[in-house]
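The values are calculated or read from the model by the stated rules, or taken from the named source; none is laboratory data. Worth saying up front: this structure is predicted, and the values here are computed from it rather than measured. Note that we place each Cβ from the backbone using ideal geometry, even for glycine, and neighbour counts take in every protein chain shown.
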Amino acid sequence: MHINTLKSCKTVFLIRHAKSCWDNELVDFERPIKSRGVLDSNLVSNHLKNSNIYPDLILCSSSNRTKLTAKIFIENLALTNVTIKYLEELYDFSGESLLRIIESCDNSFGSIMVFGHNYALTNFVNKFGDIHVENVTTSGFVKINFETNSWKNLVKGKTEKIVFPKHLK
């Protein structure tokens, strides 16, 4: 654990679910990921292996595609000892629930990893990061640091890293 209650920096690692599969009659919430999504998630997460990504908490939308994406990242980044919470509220497309959930995190957590959906992730990245991103792509990763000791009332942070599958192909 890397928990520090006096930490004056908070970090959010944001990951959009992998490319989902539409080749079935499943409702949106239950859709799995395509083989390309598996490949892209492995590509990005393996690229990040030496990037010192150690979240204190993982928050994941409880949709099937986000859970499957999280499983790939967690395994490849060796995050198996990190607490993960699956939250239906993160099945959010506007970003209101995403922001509310991040701001409600305990301040003892210095960093959190969130697996979610667009446009919630792109909206968050553009509102709170200092680099404009047209679209957080599927299997895309964004790291934002905040100079604060509280998750509440976040203000603009610094976008430290952006990794999309297209950057690695």
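Any residue that is in contact with a Leu (Cβ under 9 Å, 6 or more places away or on another chain), assigned to a loop (DSSP other than H, G, I, E, B) and under 18 Å from residue 120 (Cβ atoms) - is there at least one of those in the range 57-78?
Checking the range 57-78: at least one residue is in contact with a Leu (Cβ under 9 Å, 6 or more places away or on another chain), assigned to a loop (DSSP other than H, G, I, E, B) and under 18 Å from residue 120 (Cβ atoms).
Which is within 15 Å of residue 141 (Cβ to Cβ) and without any contact (Cβ under 8 Å) to a residue 12 or more places away in the chain, of 24, 50, 42?
Values: 24 fails: within 15 Å of residue 141 (Cβ to Cβ); 42 fails: without any contact (Cβ under 8 Å) to a residue 12 or more places away in the chain.
After ruling out the rest, the residue left standing is 50.
Could you list all residues from the range 64-84 that are of a type in the set (S, T, N, Q), surrounded by fewer than 20 Cβ atoms within 10 Å (Cβ to Cβ) and within 14 Å of residue 114 (Cβ to Cβ)?
Applying the first criterion (of a type in the set (S, T, N, Q)) to the range 64-84 yields 64, 66, 69, 76, 80-81, 83.
Keeping just the survivors that are surrounded by fewer than 20 Cβ atoms within 10 Å (Cβ to Cβ) gives 64, 76, 80-81, 83.
The answer is 83, and nothing else.
Of the residues in the range 2-36, how many are modelled with pLDDT of 85 or more and closer than 30 Å to residue 160 by Cβ?
So the count comes out to 15.
Would it be correct to say that residue 158 is exposed (fewer than 14 other Cβ atoms within 10 Å of the Cβ) and either among the charged types (D, E, K, R) or closer than 13 Å to residue 11 by Cα (or both)?
Values: exposed (fewer than 14 other Cβ atoms within 10 Å of the Cβ): no; either among the charged types (D, E, K, R) or closer than 13 Å to residue 11 by Cα (or both): yes.
Criteria not met by residue 158.
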